[in-house]
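Here's the structure we're looking at; comments come further down.
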Amino acid sequence: MLELKEWAHRFSNCSGGYVDRIADGRAMIFVIVDRTNPKKPFYMLEYNPKTQKIVQCRSYNNLQDENDNPEVKDFCNKWLDFIKDKKPARLKRKAA
């Protein structure tokens, strides 16, 4: 929880309040890092493992979402494909 609050502060957003969603298994939070400037907040991604969708992906202070940056949008699409491909076979059968 402290790490989430730290990132919420660094990104100047409200993700620090998502603890209940995370605890309930409705959300996972990931930080996308720009390798050219890894210490600067770039994008934060909220993923819902139950729906297998990205709920939101926003930059510092929610100024941009993934649709504003073609590279981030491409990353999000590839990441979702990767997640779906890595899902255990027993779970893939249920989803089909």
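Bear in mind these aren't lab numbers, they're just calculated from the coordinates by the rules spelled out. Note that the structure is a prediction, hence the values are computed from the model and not measured. Cβ coordinates were reconstructed from backbone atoms using ideal geometry, including for glycine residues, and neighbour counts include every protein chain displayed.
Here are a few things to note about the model shown:
- Between residue 74 and residue 40, the FRET efficiency from the beta-carbon distance, with R0 = 22 Å, is close to 0.65.
- Over all other residues within a Cβ to Cβ distance under 15 Å of residue 66, the charged ones net out to -3, with Lys and Arg as +1 and Asp and Glu as -1.
- Between residue 24 and residue 56, the modelled labels are 1.6 nm apart [label points 7 Å from Cα along Cα→Cβ].
- Taking a ≥ b ≥ c as the square roots of the eigenvalues of the alpha-carbon gyration tensor, the chain is classed oblate because a/c is 1.5 or more while a/b is no larger than b/c.
- Between the helical axis of 2-11 and the longest alpha-carbon principal axis of the chain there is an angle of about 60 degrees.
- Folded to 0 to 90 degrees: helix 70-86 orientation relative to the chain principal axis, Cα: 30
- Pairs beyond 21 Å (Cα-Cα), from 53/78; 53/86; 5/53: 5/53
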